[in-house]
1. Inside region 1-120, counting only strands (runs of 3 or more DSSP E) that do not spill past its ends, which hold 2 or more residues that are touching a Leu at 6+ places or on another chain (Cβ under 9 Å) and either farther than 24 Å from residue 333 by Cα or at pLDDT 95 or above (or both)?
2. Return the residues of region 309-328 that are within 16 Å of the ligand (Cβ to nearest atom) and either surrounded by fewer than 21 Cβ atoms within 10 Å (Cβ to Cβ) or at pLDDT below 95 (or both); say none if nothing qualifies.
3. Does region 273-296 hold any residues that are under 28 Å from the mean Cα position of the chain (by Cα) and more than 12 Å from the ligand (Cβ to nearest atom), and which are they?
4. Here's a check for you: in region 236-262, which residue that is within 16 Å of the ligand (Cβ to nearest atom) and assigned to a loop (DSSP other than H, G, I, E, B) is farthest from the chain's Cα centre (by Cα)?
5. Suppose we keep only residues that are within 16 Å of the ligand (Cβ to nearest atom) and in contact with a Gly (Cβ under 8 Å, 6 or more places away or on another chain) within region 114-142. Which one would you say is nearest to residue 289 (Cα to Cα)?
6. Of the conditions (1) buried (at least 23 other Cβ atoms within 10 Å of the Cβ); (2) more than 14 Å from the ligand (Cβ to nearest atom); (3) part of a helix (DSSP H, G or I), residue 175 fails just one. Which one is it?
7. Hey, any hits in region 92-99 for a residue that's in contact with a strand residue (DSSP E or B) (Cβ under 9 Å, 6 or more places away or on another chain), within 16 Å of the ligand (Cβ to nearest atom) and not assigned by TED's automatic domain parsing to the domain that holds residue 247?
8. Which one is nearest to residue 339 (Cα to Cα), of the residues in region 124-177 that are among the acidic types (Asp, Glu) and under 15 Å from the mean Cα position of the chain (by Cα)?
Amino acid sequence: MLKVWTRRGVIKVGAAGVGAVTLGVRMPRIAGAAPPPLEVKDSYVIGYPQTDENNPWRIAQTNSVRDEIEARGWTVEYRNAQESTQQQLADVASLIAVGVDAIFLPPREETPLAQAVLQAFEAGIPVFCLDRNVDQSIVQAGNQYVCFIGSDFYQEGARAAQWLASTMNGEAQIIELFGTTGATAAIDRNRGFVDYLAGSYTPDHPDSPTAATPAPAPADGFPGMEIVASQTGEFTREGGRQVFETLYQANPEANAVYAHNDEMALGAIIALEAQGVVPGEDVILVSVDGSRDALQAIIDGTLGATVECSPFFGPIACDTLEAYAAGEEIPPQIINEDRFFDPSNAEEFIDEAY
Ligand code: AHR
């Protein structure tokens with residue numbers, strides 16, 4: 001029996017495999033498949049179909065990947081999907097047509113991009129999923145693609161919830177600014193946060209590959225911590241500003257914000273200040289990423305804290321590719337160790353932020 005990691009838990013798949021249903025289509029699952037092999041070479045051509053470049057995190061990720069590829073004398077075939085899942089699918093197809101050696105893929109959405117991974121697999125091109133993952137009921141790391149390299153988003157949500165519950169003494173009316181719908185980062189940041197507040201977060205939760213921290217919440221959770229509104233701000237500052245403005249008008253009793261990334265939290269801060277409300281006093285905010293602007297906002301007292309999500313994938317992605325080409329066994333999930341920034345350390349780390 002093959003053990004497969006899924007969003008809902010660890011399930012067992014028989015040697016003959018099982019079919020997985022997605023988008024109303026019955027997908028064939030390739031039982032016992034191995035990711036396409038990769039030759040040892042002096043230089044590789046790497047396909048890098050980025051989701052967008054509209055926030056500092058994405059720009060830092062692109063720079064890290066591009067700089068590392070070029071420093072090794074390899075070549076990058078870069079694409080920018082400009083926030084379009086359809087465009088990212090087309091970009092992967094074009095990289096397959098070009099015949100790149102491997103693809104470093106940050107999937108914009110889990111389910112559609114699983115199809116792209118399947119196409120690369122069929123074309124014999126190894127894929128390394130960077131930062132976000134793909135739908136495990138369609139393709140699995142170590143099977144149709146090499147591995148997932150990224151943060152533990154579920155744990156990030158739980159760490160944000162722990163900080164907020166403690167800071168608010170267990171009583172808050174929360175507006176949640178969701179990331180891109182269908183993106184691993186948004187799905188798991190929401191689940192980790194909600195589960196922690198409900199008391200159902202456990203360090204061995206199947207959606208959390210590491211989960212060493214935070215410690216589990218009390219069994220009955222935090223009944224006084226209520227999410228009063230939740231909507232996507234698409235991971236952008238302007239999206240966060242606009243959505244927060246609307247949600248806050250409808251929920252003026254809100255006194256806390258959980259944003260799935262720093263940019264949306266910074267957008268909410270702009271909206272609050274425009275209304276004469278004091279962020280950091282009247283409304284307490286927590287987010288995820290650890291950008292320079294976010295650390296400055298912590299120093300300024302407008303943002304309470306941010307859970308780090310490192311965008312620096314270049315070295316780990318290239319090292320993993322070389323190890324794979326050399327025939328080393330690659331773990332299906334390689335998880336970044338992330339820090340936590342609050343007023344106690346923002347000043348210390350701001351110079352290394354992006
Ligand atoms: O997938 C990681 C998320 O994507 C980052 O938190 C966000 O800023 C980016 O757009």
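The values are calculated or read from the model by the stated rules, or taken from the named source; none is laboratory data. Keep in mind that what you see is a predicted model, and the values were worked out from it rather than measured. Using ideal geometry, Cβ is built from the backbone for each residue, glycine included, and neighbour counts are taken over all protein chains shown.
1. Per the criteria, 45-50, 75-80, 102-105.
2. Residues satisfying the conditions are 310, 312, 316.
3. Across region 273-296, the qualifying residues are 279, 280, 283, 284, 285, 286, 292, 295, 296.
4. 236
5. Across region 114-142, the extreme among qualifying residues is 131.
6. Failing condition for residue 175: (3).
7. no
8. Top of the filtered list is 156.
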